[in-house]
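> The following block contains the structure, expressed as structure tokens.
Taken together, the values in this text are just the output of simple stated rules run on the coordinates, not laboratory data. Predicted model only: the values in this text are computed from it and were never measured. All Cβ positions, even for glycine, are placed from backbone atoms using ideal geometry, and neighbour counts span all protein chains on display.
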Amino acid sequence: MITGIILASGFSRRMKKDKLLLEVGGMPLVERVIKACWESNLDEIILVYRREEVANIGKKYNVKTIYNANAHLGQSEGLKLGVKEAKNPSAYMFFVGDQPFITSNLINKLIDEYKKSKSEILVPFYKGNKGMPTIISSIYKYELLKIAGDKGARDLVNKYVSKVNKIFIEDERLGIDIDTPEDMLL
């Protein structure tokens with residue numbers, strides 16, 4: 001069982017407004033991520049949110065929504081909430097809520113590669129750069145729960161680099177995340 005955890009409780013400081021609700025192709029950015037997850041082979045989807053409008057979008061797709069009261073402490077708080085709420089999966093697949101071009105096909109490809117390779121960690125690379133979504137085996141659950149600050153599982157991935165299966169994705173657009181107003185022009 002693979003649980004998808006969508007981290008959608010940030011403050012969009014570089015955007016200077018809530019980027020998750022900005023429309024891309026006629027749909028809020030975060031909804032594009034939720035929809036791709038919902039249409040994929042994920043066994044469970046958890047949306048970690050800060051704003052009620054984001055939770056309402058998740059509820060539309062009948063995904064589990066978890067409020068992040070400690071969002072001000074950084075991305076790690078959302079990650080830990082998702083891990084705690086997961087129903088005993090074999091792995092966690094971490095998503096960011098601002099990756100509007102992600103598709104269910106990509107998600108399924110990564111899940112298939114993860115299962116086929118029997119790796120403990122899977123990281124997609126877009127044009128040579130590490131990206132999301134990352135899949136991490138639940139054997140790392142307790143290490144994930146110890147992460148602190150405004151970061152995800154990057155340090156854990158770096159610590160166990162020999163356990164990482166790198167998947168190179170041709171279409172770099174799939175890995176784009178939106179952080180600044182300029183990114184919206186892509």
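> Sorting check: for 89-99, 107-117, 36-46, which peptide has the highest mean count of neighbouring beta carbons within 10 Å, and how do the rest follow?
Numbers: 89-99: 23.0, 107-117: 16.8, 36-46: 20.5.
Highest to lowest by the protection proxy: 89-99, 36-46, 107-117.
> Net charge near SER40, counting Lys/Arg +1 and Asp/Glu -1 over other residues with Cβ under 12 Å of its Cβ? Let's see the in-between values first.
On the way: positive: LYS35, LYS109; negative: GLU39, ASP43, GLU44, ASP112.
So the environment of SER40 carries a net charge of -2.
> With a 10 Å radius around each residue's Cβ, average the other Cβ atoms per peptide and rank 74-81, 152-159, 52-59, highest first.
Peptide ranking by packing, descending: 74-81, 52-59, 152-159.
> Calculate for the chain the 222 nm mean residue ellipticity that helices alone would give, adding -39,500 (n - 2.57) per DSSP H run of length 4 or more and normalising by residue count, nearest 500 deg cm²/dmol. Spell out each step's value before the answer.
On the way: 6 runs with 54 residues, N = 186.
Value at 222 nm, helices only: -8000 deg cm²/dmol.
> Still on this structure, I have one more. Need one number: convex hull volume per residue for segment 106-169, Cα atoms only, in Å³. Could the numbers behind the result be given before it?
Numbers: hull volume 5.6 nm³, N = 64.
So the per-residue hull volume is 88 Å³.
> Can you figure out the FRET efficiency of ASN41 with ASN62, using R₀ = 22 Å and their beta-carbon distance, to the nearest 0.05? Intermediate results must be reported in sequence, preceding the final value.
Numbers: r = 16 Å, r/R0 = 0.74.
Working from the Cβ atoms, E equals 0.85.
> When the chain is fully extended, how far beyond the present Cα-Cα distance does LYS159 get from GLU23, taking 0.36 nm per residue of separation? Mind showing how you got there, number by number?
On the way: separation 136, 0.36 × 136 = 48.96 nm, distance 3.68 nm.
So the extension gain works out to 45.3 nm.
> Still on this structure, please answer the following. Jot down the per residue volume, in cubic angstrom and as a whole number, of the convex hull over the alpha-carbon atoms of segment 13-75.
Looking at segment 13-75, the number lands at 99 Å³ per residue.
> Excluding residues fewer than 8 places away in the same chain, name every one of the lysines whose C-alpha is closer than 21 Å to that of LYS146.
Once the sequence-local lysines are set aside, what remains near LYS146 is LYS80, LYS84, LYS87, LYS159, LYS163.
> Ok, one more. Where in the chain are the DSSP H helices whose alpha-carbon span along the long axis reaches 18 Å or more and whose Kyte-Doolittle mean is at least -1.0?
Helices meeting the criterion: 104-117.
> Here's a follow-up. Apply the Debye scattering formula to segment 2-185, with a single equal point scatterer on each alpha-carbon and no solvent, then give log10 I(q)/I(0) at q = 0.14 Å⁻¹.
Taken in order of the listed q values, log10 I(q)/I(0) reads -0.70.
> What size of dipole, in debye to the nearest 20, comes out for the chain about its Cα centre when the only charges are +1 on Lys and Arg C-beta atoms and -1 on Asp and Glu C-beta atoms? Could you put the intermediate results ahead of the total?
On the way: 29 positive and 24 negative charges, 97 e Å.
My answer is approximately 460 debye.
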